[in-house]
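See below for the structure under consideration.
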Amino acid sequence: MDPLIDVLALVDMRSARFARLEAAEAWAMSFPGYQHIKLGAVLKGSCRVETDGAAPVLAGEGDCYLLGNGRPYRLSSAPGVPARPSSDVFAGFTEGGTVRLGAPGEPPHTVVVGCGFHLDPANAAVLMDVLPSMVHIPASSDPAGSIRTALDMLRRESASSALGSALVVEQLAHIVLVQVLRSHVAAQGPTGGAWLTALADPAIGAVLALIHETPARPWTVADLAAEAGMSRSHFATRFSDLVGTPPLEYVAGWRIRSAARDLRAGNRTVASIAAQWGYGSESSFSHAFKRVIGMAPGLYRTETRRRTHVTEAGAEDRASTPGS
């Protein structure tokens, strides 16, 4: 099992409000805080990206950036340009459309596409806690080569009104996001102290893949150390250093989050799900579940379905009423 794919499925990542920005002359736009993560790509020209917790970045043509702290941010042509609130710029915006800044009819100097990704609130921290405030992938970097083809397609499709273009753009945004995460792992190496960067370590990455493939297996540190080809003490230390948590704590946390996915997906009893994931009783499962997720299994199922209903209703409202 690929741990990255497993995590993206767990957090139930959904894209929301894709937009294309075309700008000419001096320009700047400020954005309020947002939920979860935002992805941007510069298709033409350059764009200055600023957010709390990260140094400002001048993103050039072919660059991508990922914002993961949920704080307000700013896009501009240069420092010091007065920023228009995004709520003003996007007033009357139709999702998937294009907004323009600058003199009417003037060809754009800069084209930026952006997409927000909403995550399951109960599990969002699994991904968000391992991302820096900003990930910047320059077009000149080695990993950017694999992104270039997707960006070329994104450039064409985001400017198109052809049948199905909105769906193509959404899928391309997911592809670019995965490529950016891959590039981040490659650039950081295995020393980032989180499961994502630990995937770059051959031994620990292989063990993480095994845990994600069979989380219900009654793993011991000795079992995992043998799979890694290390002594028990060396493995435990290296795993904790690279992943940021001890091996069995990681196993237990992932087991519970996998069980939570089953709770979201169907109507099976809590007892049957507890048994599937290796718990001898419903009470022991409930105790472990509450420690990891923060609420009892039954309440989690109820709250998740309520949030899903609210989110889907909101999406229908946005689709029928253009907003900012």
Q) Between residue 237 and residue 216, what is the label-to-label distance in nm when each label sits 7 Å out along the Cα-to-Cβ direction? A) 3.6
Q | Carbon + sulfur, % of accessible area of the stretch 176-287 - ligands and nucleic acids excluded, 1.4 Å | A | 54
Q) Say we join alpha carbon atoms closer than 10 Å with springs in a Gaussian network model of the chain; which of 193, 164, 102 then has the biggest fluctuation? A) 164
Q) Based only on the alpha carbon positions, what is the Kirkwood hydrodynamic radius of the stretch 116-184, in angstrom? A) 13.6
Q) How large is the accessible surface per residue of the chain, computed with a 1.4 Å probe and reported in Å² as a whole number? A) 46
Q. P(r) of the chain in 20 Å steps, Cα pairs, percent per bin?
A. 29, 53, 18, 1
Q: Grab the Cα-Cα distance for residue 52 and residue 171, subtract it from 0.36 nm times how many residues apart they are, and report the gain in nm with one decimal.
A: 40.0 nm
(Q) Can you list the DSSP H helices in the chain whose Cα atoms extend at least 30 Å along the helix axis and whose mean Kyte-Doolittle hydropathy is 0.0 or higher? (A) 165-188
**Q.** Nitroxide proxy distance, nm - points 7 Å out along Cα→Cβ at residue 100 and residue 223
**A.** 6.2
Q) What does the charge count near residue 296 come to, summing +1 for each Lys or Arg and -1 for each Asp or Glu among other residues with Cβ under 12 Å from its Cβ? A) +1
Q: Report the normalised scattering of the stretch 18-124 as log10 I(q)/I(0) at q = 0.10, 0.15, 0.21 Å⁻¹, calculated by the Debye formula with identical scatterers on the alpha carbons.
A: -0.26, -0.60, -1.21
Q | Per-pair calculated FRET efficiency, R0 = 22 Å: residue 2 and residue 268 via Cβ, rounded to 0.05 | A | 0.30
Q: Please name which of 11, 281, 163 has its Cα lying farthest along the dipole of the chain towards the positive end, using unit charges on Cβ (Lys, Arg +1; Asp, Glu -1) and the Cα centre as origin.
A: 281
Q) Under a GNM of the chain (C-alpha, springs under 10 Å), which listed residue has the highest mean-square fluctuation: 138, 85, 190? A) 85
Q) What dipole magnitude, in Debye to the nearest 20, does the stretch 1-62 give about its Cα centre under +1 on Lys/Arg Cβ and -1 on Asp/Glu Cβ? A) 180
Q: Name the residue, out of 26, 139, 41, whose mean-square fluctuation peaks in a Gaussian network model built on the chain with Cα pairs under 10 Å.
A: 26
Q. Expressed as a whole percentage, what fraction of the accessible surface of the stretch 17-146 belongs to carbon and sulfur atoms when a 1.4 Å probe is rolled over the protein heavy atoms?
A. 53
**Q.** Translational diffusion coefficient (Stokes-Einstein; Kirkwood radius from C-alpha pairs) of the stretch 145-295 at 25 °C, 0.890 mPa s, in µm²/s
**A.** 136
(Q) Can you order the peptides 260-269, 43-52 by their average number of other Cβ atoms within 10 Å per residue, highest first? (A) 43-52, 260-269
Q) Between residue 149 and residue 35, how many nm apart are label points set 7 Å from Cα along the C-beta direction? A) 3.4
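The values are calculated or read from the model by the stated rules, or taken from the named source; none is laboratory data. Keep in mind it's a predicted model, so treat the numbers as computed, not measured. Cβ: placed from backbone, ideal geometry, glycine included. Neighbour counts: every protein chain shown. When the accessible area is computed, the model is the full protein with side chains, heavy atoms only, and any ligands, DNA or RNA have been set aside. Shrake-Rupley method; radii C 1.70, N 1.55, O 1.52, S 1.80 Å.
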